[in-house]
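See structure below.
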Amino acid sequence: MKAKREGMTVPELKRLVGAGELAPLYLIVGEEGLLRDEAVSAIRAAVMGSDEANVGAFNCDVVYGDETDVSEILTLCSNRPMFATRRLVVVRDVGDLRAKDAERLLPYLDAPVETTCLVLTGKKVDGRVKFFQACKKVAVVVDCEPLEAKALPAWIREQAAALGLSLDEPARVLLQEASSGDLGVLRREMEKLAAYVAPGTAVAAADVEAVQGADTGGTVWNLLEALRRKERAGSLRFLGKVLDAGEPPLKVLGFLAACWRQEWKARRFSEEMLRDFEQFREADSRLKGGGGGRGKDRLVLERMLLNLCRGAARAMPGPRPFAPAR
């Protein structure tokens with residue numbers, strides 16, 4: 001049974017903040033992590049603007065409810081913005097704040113700092129806690145519960161259009177069925193498709209099948225062999241299997257890089273060698289940078305694989321063109 005919706009939708013939020021209507025306090029709650037991330041990103045863009053002067057690092061703080069003291073949150077909120085008109089403070093996993101600690105934030109609800117936008121976000125909050133009861137009365141509440149099945153087709157087409165993809169109906173249906181309605185999975189698969197098909201090419205069901213990597217079985221050795229053969233679809237498929245089995249992304253990257261080094265020892269220096277190790281270096285930097293979660297880590301590795309397989313033909317029926325990874 002779907003949870004009862006209590007606040008505005010993410011599209012409604014985007015319209016408001018896009019028009020410059022910013023509130024001092026937001027409560028973004030729901031099981032759908034991708035929607036929560038979209039809501040936070042929309043607010044951040046509205047608060048920071050284009051950030052051409054790169055002052056966002058001084059005016060945006062992200063903390064977590066299970067590892068942050070409330071006094072730190074209050075201190076961050078009281079800081080004045082630097083070279084800007086507003087600051088952004090994001091508290092992720094806010095439901096993990098202890099009830100007694102959360103109550104120390106109650107006075108802030110009555111007098112929020114005008115130059116600070118405080119965003120509280122998480123899968124769920126305990127409605128019995130006094131602070132969250134009060135917060136729902138004064139904050140802008142954004143609902144991020146999973147979309148109903150009837151709303152998924154429109155969401156898929158909207159996301160596909162933003163990525164420059166044109167899905168035919170069988171492709172859309174296959175994407176929706178394979179994801180079981182998980183928006184994070186849907187988004188990842190569409191981002192892979194965007195790197196896989198040629199610009200302007202209609203995406204067919206065969207393309208969706210080629211980039212999927214969700215069936216069971218497979219090891220890092222299968223992944224390595226697919227990479228050696230520069231099989232784009234096979235590499236993505238086995239990476240999905242390995243990560244779904246619980247292997248840490250950094251461990252997978254370290255294994256592949258070590259194997260690559262061993263293979264290159266027996267070869268002459270080449271531009272291809274430089275290009276490959278630059279891909280490993282960039283992926284390592286992005287993974288260690290953190291902040292994106294498991295879905296983002298998977299995407300980093302998927303893009304690396306596509307770049308390592310650059311120039312290889314797709315193992316697919318028919319003469320459909322493919323594009324180099326972007």
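Taking 0.36 nm per residue of sequence separation and subtracting the Cα-Cα distance, how much length would be gained by fully extending the chain between Asn79 and Asp66, in nm to one decimal?
Length gained between Asn79 and Asp66: 2.5 nm.
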How much length is gained if the chain between Ala205 and Thr115 is pulled fully straight, taking 0.36 nm per residue apart and subtracting their Cα-Cα distance, in nm to one decimal?
27.5 nm
Using a Cα distance threshold of under 17 Å, what count of lysine pairs results for region 1-140 when pairs must be 8 or more residues apart or interchain?
10
Residues of region 215-254 with amide N under 16 Å of a point placed 7 Å along Cα→Cβ from Phe277:
254
Which of these, Gly234, Gly181, Gly200, has the largest mean-square fluctuation under a Gaussian network model of the chain (Cα springs below 10 Å)?
Gly200
May I ask you to derive the FRET efficiency for Ser41 and Lys230 from their Cβ-Cβ distance with R0 = 41 Å, giving the value to the nearest 0.05?
0.75
Quick check on packing: order 20-33, 242-255 by the mean number of other C-beta atoms within 10 Å, highest mean leading.
20-33, 242-255
Roughly to the nearest percent, how much of the accessible area of the chain is carbon and sulfur, given a 1.4 Å probe?
52 percent
Would you kindly state how much longer the chain becomes between Leu163 and Lys100 on full extension, computed as 0.36 nm times their sequence separation minus their alpha carbon distance, in nm to one decimal?
18.2 nm
For the chain, with only Lys/Arg (+1) and Asp/Glu (-1) charged at the beta-carbon, what is the dipole magnitude about the Cα centre, in debye rounded to 20?
580 debye
Stick to Cα atoms and the Kirkwood definition of Rh, then tell me Rg/Rh for the chain.
1.02
Could you tell me which of Gly7, Pro24, Ala162 has its Cα farthest along the dipole of the chain towards the positive end, charges placed at Cβ (Lys, Arg +1; Asp, Glu -1), taken about the Cα centre?
Ala162
Ignoring ligands, DNA and RNA, what accessible area per residue does the chain give at 1.4 Å, in Å²?
52 Å²
Most fluctuating residue of Cys259, Cys135, Cys309 in a GNM of the chain with Cα springs under 10 Å: which is it?
Cys259
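The values are calculated or read from the model by the stated rules, or taken from the named source; none is laboratory data. A quick note: this is a predicted structure, and the numbers were derived from the prediction, not measured. Positions of Cβ are backbone-derived with ideal geometry, glycine not excepted, and every protein chain shown enters the neighbour counts. Surface areas here come from the heavy atoms of the whole protein model, side chains and all, with no ligands, DNA or RNA. Shrake-Rupley method; radii C 1.70, N 1.55, O 1.52, S 1.80 Å.
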